[in-house]
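Before any comments, here is the structure.
The values are calculated or read from the model by the stated rules, or taken from the named source; none is laboratory data. Everything quoted here is computed from the prediction, not taken from an experiment. We place every Cβ from the backbone using ideal geometry, glycine too, and count neighbours over all the protein chains shown. To get the accessible areas, we keep the full protein, side chains included, count just its heavy atoms, and leave off ligands, DNA and RNA. Shrake-Rupley method; radii C 1.70, N 1.55, O 1.52, S 1.80 Å.
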Amino acid sequence: MAPPNHRLATSILQNRVPSFTKQPAKATPADKPLILRVAVNAPLNRYFDYLCPDDWQSKPLQPGMRLQVPFGRSKTVGVLLETATSSELPLSRLKRALAVIDDEPVFDDALMKLLSWSADYFHHAPGEVFATALPALLRGTRPLPSAPEYWRTTALGQTENPPKRAPRQQALLDLLRERGPASTAELPALFKGWRPSMKALCEKQLVERCLIEAEPERPDQKQPADISLNGPQQKAVTDIGETFGRFATSLLFGVTGSGKTEVYLALIRRLLASGKQAMVLVPEIGLTPQLIQRFRDRLPGKLAVLHSALSDGQRLEAWRCARSGEASIILGTRSAVFAPMLRPGLIIVDEEHDVSFKQQDGFRYSARDLAIVRARLHGIPVVLGSATPALESMHNAESGRYRLCELPERPGGAVPPSMRIVDLGAHRSDHGLATPSIMAMHTHLDQGGQVLLFLNRRGFAPALFCAECGWVAGCRRCDARMTVHAAQGQLRCHHCDQRSAIPAHCAQCREELIPVGQGTQRVEDFLRQQFPAVGVTRIDRDSTRRKGSLPDKLDEVRSGRSRILVGTQMLAKGHDFPDISLVIVMDADQGLFGTDFRSSERLAQTITQVAGRAGRAQRPGEVLIQTRFADHPLLLDLIKDGYSGFATDALAERRAAGWPPYSHLALLRAESPNPDDARIFLEAARTEAEKLSSGDPCLLGPAPAPMEKRAGRFRAQLLLQSNRRSSLHKLLKDWVIKLENLPQRRKVRWSLDVDPADMF
Ligand code: ADP
Ligand code: ZN
Ligand code: ZN
């Protein structure tokens with residue numbers, strides 16, 4: 001987070017002001033000058049004050065408007081936070097704002113509050129926070145987009161025609177009758193020289209201009225009848241429906257396939273009837289074309305979709321539709337939480353436990369948590385849905401802060417899968433598959449079922465090893481082993497993407513090298529040999545890199561052409577495979593002893609989500625969990641009592657250890673090309689923190705990151721922990737300013753992560 005322009009940044013910080021004025025601004029002595037407090041897009045943790053030019057007195061300035069302001073030697077754009085009559089700085093140091101860009105605020109009052117709250121809470125540069133919430137095209141001086149202008153036939157124009165001597169008018173009228181409203185932007189391509197004819201038609205009142213495209217009534221858009229909800233679904237809709245019109249947080253805790261999406265659809269239908277808008281946030285990987293289609297098919301009104309793969313133009317248009325109220329539903333990933341809404345009514349966060357809701361660099365916000373804050377600001381309900389809620393959310397439901405709605409069963413009599421542990425210590429295994437697992441595969445395949453194997457390790461083998469001297473091929477730039485990618489004849493580092501040819505023999509003793517362990521490619525090869533009669537499909541980041549390959553692969557499995565599916569985390573969410581009857585978790589141990597206090601939570605979530613792929617239709621499913629720790633208490637909990645049983649015990653562990661939700665964390669990370677600089681910076685940071693507080697929050701570290709070296713940089717971290725959120729934030733507020741000034745910061749890249757989701 002080191003500012004790109006150190007000299008500039010330092011001079012600002014020393015003076016706490018943009019002090020580039022050559023001639024001091026002339027303050028009118030009679031009345032106090034108006035001060036404009038602006039969130040300027042710069043990596044500095046403060047707002048900037050400017051003088052309001054005298055000739056602006058007539059302009060109705062409102063918070064949320066974009067202003068052009070001088071900054072350093074150039075000019076930039078910021079968002080007006082507020083106007084004031086005094087500044088911390090002498091007026092002579094303030095510069096004059098240059099121009100008002102907008103006639104109306106870009107953000108409404110609730111969004112303004114959300115953004116300034118976010119900057120405070122995450123202790124991040126406000127200008128960057130505000131910029132994150134704007135579509136890229138509006139971060140400069142481009143004017144707010146207005147609604148496109150449309151032309152449509154009037155009721156009269158449906159039956160009456162222009163006079164015979166006007167064939168062009170007739171042709172244009174026929175065009176509009178046939179295709180429905182056409183926008184000014186698209187008309188030139190549809191009808192060359194359209195304007196005079198359109199004008200004539202308007203004069204005859206056969207055609208009219210309108211701003212918003214009337215939703216065309218197309219017969220193929222008829223809403224299919226809603227599925228009739230089962231008891232628990234109905235209860236959830238009723239309970240959550242009761243909260244419409246006020247702030248309340250509900251946790252919809254429903255086992256995989258229990259019909260949570262149906263509950264969302266029913267709630268949204270109900271909401272739309274009152275003319276309000278709904279926002280639905282989904283994880284990156286969950287926003288599939290199938291989900292978008294399901295929302296389109298089942299709900300009336302316009303859907304605005306916001307995700308990272310949109311072009312800037314598409315994103316702006318979706319944003320505009322959300323803001324103008326044209327879109328009734330806003331469906332998007334993380335950053336959609338900042339989308340404006342004219343008539344907000346409901347926010348839904350699906351798969352609320354998913355880590356993709358937390359931004360992992362720059363402004364490290366949690367979209368799930370911000371959704372709750374936003375709902376509170378609007379006075380509307382928010383629903384968090386998951387089969388495996390975050391332990392924080394389980395805790396909040398337990399303590400009554402969230403209303404709990406449970407969907408304990410799958411509709412239509414589908415039975416939940418049965419889970420069993422396969423002890424890797426007690427059975428022979430071949431290519432990572434224990435004998436009982438292979439036998440179960442045969443049984444299920446013979447009975448016409450499909451099998452899913454989950455292994456969260458792509459590539460052929462996770463290490464290349466010399467049996468003679470013990471040498472292991474490591475990455476030069478990371479503390480990590482190179483993964484063998486046999487098909488490409490390459491070694492690849494999965495942390496920095498460094499690549500090299502597979503060496504012919506050991507670098508130390510010239511002996512032969514052996515790939516050890518299993519990656520998905522190797523398992524795929526093995527399965528093809530073992531089960532030559534059935535198709536095998538592998539789904540991981542390598543096999544789906546080519547655009548369009550993922551839908552092809554999914555189709556191979558759904559159509560039954562392939563009956564064995566092996567893959568990574570990509571399989572854990574979003575996809576339905578109705579005929580899968582057996583799921584094998586090949587290596588649960590990866591998660592049991594992770595370095596992060598959240599490792600076991602992640603493991604339980606993954607196992608539960610992957611297991612949820614089995615037996616979704618009428619086939620009873622079976623889940624085998626391979627482990628070397630067959631009596632691990634958390635695994636036993638999960639099998640015996642499901643995710644909620646696991647959560648109860650895992651929360652007890654967290655309480656005993658003083659981890660969240662029983663304490664609050666912030667993590668200061670630093671990295672540097674030199675092994676010592678990150679630690680030196682963090683030690684200085686610690687000293688500053690000690691000066692600012694006495695014992696609370698407690699400071700842990702600095703310590704090297706679990707993987708100290710990555711992509712050629714050495715990483716270290718300092719953890720702050722407190723039982724009281726207020727004392728943590730009180731310290732952070734002053735500390736961040738100190739950090740921005742520490743001389744040691746010059747040699748490092750640092751960032752502050754409030755409520756970190758990952759500890760490395
Ligand atoms: P979730 O979002 O919890 O994974 P979905 O809403 O996608 O669950 O539902 C899983 C499957 O069950 C879908 O195929 C859905 O159409 C079906 N389903 C959901 N609710 C019902 C119901 N009440 N009756 C019949 N089928 C249902
Ligand atoms: Zn060797
Ligand atoms: Zn590497």
Keeping all protein chains in the complex and leaving out DNA, RNA and ligands, what accessible area do you get for R410 with a 1.4 Å probe, in Å² to the nearest 10? 20 Å²
Using θ = phi - 60° and the Karplus curve 6.51 cos²θ - 1.76 cosθ + 1.60, what whole-Hz ³J(HN,Hα) does each residue of region 674-691 get, with Gly and Pro shown as x? 9, x, 9, 4, 4, 5, 4, 4, 5, 5, 5, 5, 5, 4, 4, 5, 5, 5
Order the following by accessible area, largest value first: I607, I680, I227. Probe radius 1.4 Å; ligands, DNA and RNA are ignored. I227, I680, I607
Non-local amide H neighbours of R343 (under 5 Å, H modeled in plane, Pro and chain starts lacking H): which ones? Q277
Carbon + sulfur, % of accessible area of the chain - ligands and nucleic acids excluded, 1.4 Å: 50 percent
Over the heavy atoms of L407, what accessible area does a 1.4 Å probe trace out, to the nearest 10 Å²? 0 Å²
Checked region 150-210 against the a/c 1.5 cut and the a/b vs b/c comparison, axes a ≥ b ≥ c from its Cα gyration tensor; verdict oblate
Can you classify region 664-754 as rounded, prolate or oblate using the Cα gyration tensor, where a ≥ b ≥ c are the square roots of its eigenvalues, rounded means a/c under 1.5, and otherwise it's prolate if a/b beats b/c and oblate if not? prolate
On a 1.4 Å probe surface of the protein chains, which of C466, C496 comes out largest in accessible area, and what is the full order? C496, C466
Pop out the ³J(HN,Hα) list for region 197-210 in order, Karplus 6.51 cos²θ - 1.76 cosθ + 1.60 with θ = phi - 60°, rounded to Hz; leave Gly and Pro as x. 5, 5, 4, 4, 5, 5, 4, 7, 6, 8, 9, 9, 8, 9
How much solvent-accessible surface does W750 expose, in Å² to the nearest 10, with a 1.4 Å probe and all protein chains in place? 10 Å²
Just flag the GluC sites (Glu not before Pro) in region 65-130 sitting in loop per DSSP whose Cβ has no more than 15 other Cβ atoms within 10 Å. E88
What residue among P163, P148, H123 has its Cα farthest toward the positive end of the dipole of region 123-167, where the charges are +1 on Lys, Arg and -1 on Asp, Glu, each on the Cβ? P163
Under 14 Å from the Cβ of A166, count the other residues' Cβ atoms, weight Lys and Arg +1, Asp and Glu -1, and hand me the total. +2
Measure up K260/K640; K260/K553; K691/K738; K709/K747; K164/K204; K32/K95 against 18 Å on the Cα-Cα distance and list the ones that go over. K260/K640; K260/K553
Y47, Y365, ranked by accessible area, largest first (probe 1.4 Å): Y47, Y365
For region 525-608, which trypsin sites (Lys or Arg not before Pro) are both in a DSSP coil and crowded by at most 12 other Cβ atoms within 10 Å? R545, R546, K547, R561
Calculate one ³J(HN,Hα) per residue across region 253-259 by plugging θ = phi - 60° into the Karplus curve 6.51 cos²θ - 1.76 cosθ + 1.60, and present them in order as whole Hz with x for glycine and proline. 9, x, 4, 4, x, 7, x
Summing +1 for each Lys or Arg and -1 for each Asp or Glu, what net charge is found among the other residues whose Cβ lies under 13 Å from the Cβ of D696? +2
Let's see if you can work this out: charge +1 on each Lys and Arg Cβ, -1 on each Asp and Glu Cβ, no other charges. What is the dipole magnitude of the chain about its Cα centre, in debye to the nearest 20? 2280 debye
Please identify the trypsin sites (Lys or Arg not before Pro) of region 108-193 that satisfy two criteria: DSSP loop assignment and at most 14 other Cβ atoms within 10 Å. Which are they? K164, R165, K192
Set of lysines with alpha-carbon distance to K302 below 17 Å, sequence-local pairs under 8 removed: K222, K276
Taking R0 as 41 Å and r as the Cβ-Cβ distance between D312 and K32, the FRET efficiency 1/(1 + (r/R0)^6), rounded to the nearest 0.05, comes to 0.50
Run down the lysines and flag those whose C-alpha is under 19 Å from the C-alpha of K358, throwing out any fewer than 8 positions away in its chain. K573
Please work out the average accessible area per residue across the chain, using the 1.4 Å probe convention, and give it in Å². 44 Å²
Helical mean residue ellipticity (222 nm; -39500 (n - 2.57) per DSSP H run of 4+; nearest 500) of the chain: -9500 deg cm²/dmol
Using amide H atoms built 1.01 Å from N in the peptide plane, name the residues 5+ places from V422, or on other chains, whose amide H lies under 5 Å from its own. I625, Q626, T627
Convex hull volume of the chain per residue (C-alpha atoms, cubic angstrom): 210 Å³
Below 8 Å between Cα atoms, with a sequence gap of 6+, how large is the relative contact order for the chain in percent? 10 percent
Just need the relative contact order of region 626-760 here, percent rounded to a whole number, with Cα pairs under 8 Å and 6+ apart. 31 percent
For H485, the residues 5 or more places away or on another chain with a placed amide H closer than 5 Å to its own amide H are F460, Q490, L491, R492
